Structure formats: C-alpha cells, structure tokens
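What follows is a short report on a single structure.
The values are calculated or read from the model by the stated rules, or taken from the named source; none is laboratory data. These figures come from a predicted structure and were not determined experimentally. Here the Cβ positions follow ideal geometry from the backbone for every residue, glycine too, while neighbour counts run over all protein chains shown. The area values use the complete protein model at the heavy-atom level, side chains included, leaving out ligands, DNA and RNA. Shrake-Rupley method; radii C 1.70, N 1.55, O 1.52, S 1.80 Å.
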Amino acid sequence: MHKAGFVNIVGKPNAGKSTLLNQLMGEKLAIVTQKAQTTRHRIFGIYNEDDLQIVFSDTPGVLDPKYGLQEKMMDFVKDSLQDADVFLFIVDVTDKAEPSEFLIDKLNKIPVPVLLLLNKVDQTDQAGLEKLVEDWHARIPKAEILPISALNAFNTEVILPKIKSLLPENPPYYDKDQYTDKPERFFVNEAIREKILLNYDKEIPYSVEVVTEQFKEKEGIIFIDSIIYVERDTQKGIIIGHKGEAIKKVGTEARLDLEKFFTKKIHLNLFVKVKKDWRKNDRDLKNFGYR
C-alpha cells in the first residue's frame, strides 16, 4: 500500500510556515526571516518514504493586499485552498491581532482534515496555551490542535505520523528522487533575496526582485549571474552601499548558503538594475513569475 497526497501549509505572515516546511523536510527549501511577507511564491517540498509521498505546499502569509505584487501572492494562497488532502494551519501564539476570518471560514467549509498547529508555544505559559486551545477549538471545531515550536523542533515529530494516517492511498505524484517543484535558479534568487531581507531595513527588501540570468556548471564550479531589481535609483545606491560594501556582503553570505545547498563551489556575480514601480506593473509581475 502506498499513500500520497498534498499537504498545504497556511497561516498569517510570520506564523512560521516556512520554518515548519524546512523542519519537516529536513532541508532548507524556503527562506526564513523575521520580516513579514518573506515568502512570495508557492513552494512545493516533496517528502518521500518507501510507502509514502507528501507534497508539502508553503504559501505566502494571508494579508489584505495593497498593491499588485500582494494580490498575486494572495492568488497563490487561494489556489492552495482548493487542492489539498490535508491542511496544516499554523498559528503564532504570540500574535495578538485578530485571527484571519478569511482562513477560518475557508477551513471550516473545506471537507478535508485540518491540523491546527499552535506555534511558538515556548513563548507562552500553560494557562495561556489552554485558553488558546479552547478558543481555536470553538473557531474550527473539526481541527485537531497540536502545540509546537517549529524553530526548536518541539513536538514536530508527531506531525508526519498524523499526516500519514490521514492521506489517501495513491501512487506517487512525483519521481521519488525529486524533492521540490522549483528549478535551481529559483533557489539562487531566494537565497539572494533572503540576505537582502536580513541586511536592509524599511522598504528596501520589499522593493527587490532577483532574477538569475546565468547558471552554468563547469569543472565542478557553478557560475551564476543574478540581477537585483529595485524600483528607484536611490534604492540602487542603498543596495550597492559605500564602495560596494553592502552588495559585497550580500553576495558573500548568499554564496556560502548556495555552496551548502548545491554542495559545490559557487562563483556569484551580482548586478543591480532599476525597474520603476515593478510591484504595481502587471507585465513586470508576469515576467517575474507572478501569474
């Protein structure tokens, strides 16, 4: 008997969705930072055992879109709410804002199992946790609730057996040696963008898109040319920094991560270009993969 299915991870921004995906996969597929809206695309992580295949789907955090890019991000979320065998709804226990009524309504109506994961439980006490369990049970009665810490791998070992028990019998959807649906260049782009999120403040990280124009391997070295697009000339200057020090730091940190990911030497060239107001331009968004 072989089981296979799609398990979609949903939640608000910064709830810990990408951290959980990386923890369950045992490999860093999704970039992770403390900044909201780190995840822009829908990323598949394909987990395989001899008798099992789980296609995890990490999605952008649910938000009220303010411009074109965020609208495209929410399209990825809406797609993910239509094709799952199991949902992992991850909730940040430290989030004091109102929960997403959009997600609650959707998950109550969808006729598939929901595992509701109360994340970051190391940052609350027993009384607070019990109150949260009670509140969330009232909001989504059918959900099975599990307290976890994705970052610290607390109680995450119970998630895979739970999922396995809920999946239908199916042949694998992907080759057993495949671990993601994304091409190599996607992970290069994301590694660079992660370092920009970590090294720059305010609006700069959100104004950036990365495109890898060259990815070639020769004699055991991968040669990569990537372009960092920004929306303003002033942003270009900030990305480059005084005497190029800022972009050099981004390049060094990204290269080290990529060498771990690809287990090969990397030669990385970064270029910065201006594409005015790309986040609001439908043609630019399509060209960048937001369809």
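Of note:
- A simple rule links phi to the HN-Hα coupling: the Karplus curve 6.51 cos²θ - 1.76 cosθ + 1.60 with θ = phi - 60°, which for the range 54-60 gives 10, 9, 6, 10, 8, 10, x Hz, with x for Gly and Pro.
- Computed over the alpha-carbon atoms, the range 3-143 gives an Rg to Rh ratio of 0.95, Rh here being the Kirkwood radius from the mean inverse distance.
- For the range 137-180: rounded, prolate or oblate by the Cα gyration tensor [a/c cutoff 1.5]: oblate
- When peptides 194-201, 280-287 are sorted by average Cβ neighbour count within 10 Å, with the highest value leading, the order is 194-201, 280-287.
- The peptide list 178-190, 244-256, put in order of mean Cβ contacts within 10 Å with the highest first, becomes 178-190, 244-256.
- Nearest-20 debye value, the chain charge dipole, Cβ charges on Lys, Arg, Asp, Glu: 1100 debye
- Bridge type composition, the range 188-291 - antiparallel percent by DSSP, nearest 5: 45 percent
- The distance from the alpha carbon centre of the range 74-130 to that of the range 275-291 is 30 Å, rounded to a whole number.
- Those trypsin sites (Lys or Arg not before Pro) in the range 146-184 that DSSP places in a loop and that have at most 16 other beta carbons within 10 Å: Lys176
- Relative contact order of the chain, defined on C-alpha pairs under 8 angstrom at six or more residues apart (%): 19 percent
- Expressed as a whole percent, the accessible area of the range 95-178 that falls on carbon and sulfur atoms is 55 (1.4 Å probe).
- Projecting label points 7 angstrom from Cα along Cα→Cβ for Glu157 and Thr263 puts them 2.5 nm apart.
- Only helices enter this figure: runs of n ≥ 4 DSSP H residues, each worth -39500 (n - 2.57), summed and divided by the residues of the chain, yield -10500 deg cm²/dmol at 222 nm to the nearest 500.
- The listed residues Met25, Met1, Met73, once ranked by accessible area (1.4 Å probe) with the largest placed first, stand as Met1, Met25, Met73.
- Dipole moment magnitude, nearest 20 debye, the range 1-70 about Cα centre, only Lys, Arg, Asp, Glu C-beta charged: 460 debye
- Convex hull of alpha carbon positions in the range 160-254: directionally averaged projected area 9.9 nm².
- Taking all protein chains into account, the per residue accessible area for the chain stands at 49 Å² (1.4 Å probe).
- Antiparallel %, DSSP beta bridges [both residues in the range 1-155], to 5: 30 percent
- Ala30 long-range amide H proximity, modeled H, under 5 Å: Asn22
- Separation of the range 5-55 from the range 138-196 is 4 Å, based on Cα centroids.
- Distance (nanometres) between label positions extended 7 Å along Cα→Cβ at Asn170 and Thr124: 3.1 nm
- Once backbone amide H atoms are built at 1.01 Å from N, Val272 has Ile228 as its partners under 5 Å, excluding neighbours fewer than 5 places away on the same chain.
- Subset of Lys106/Lys280; Lys182/Lys265; Lys218/Lys276; Lys28/Lys273; Lys28/Lys176; Lys12/Lys275 violating a 24 Å alpha-carbon distance limit: Lys106/Lys280; Lys218/Lys276; Lys28/Lys273; Lys12/Lys275
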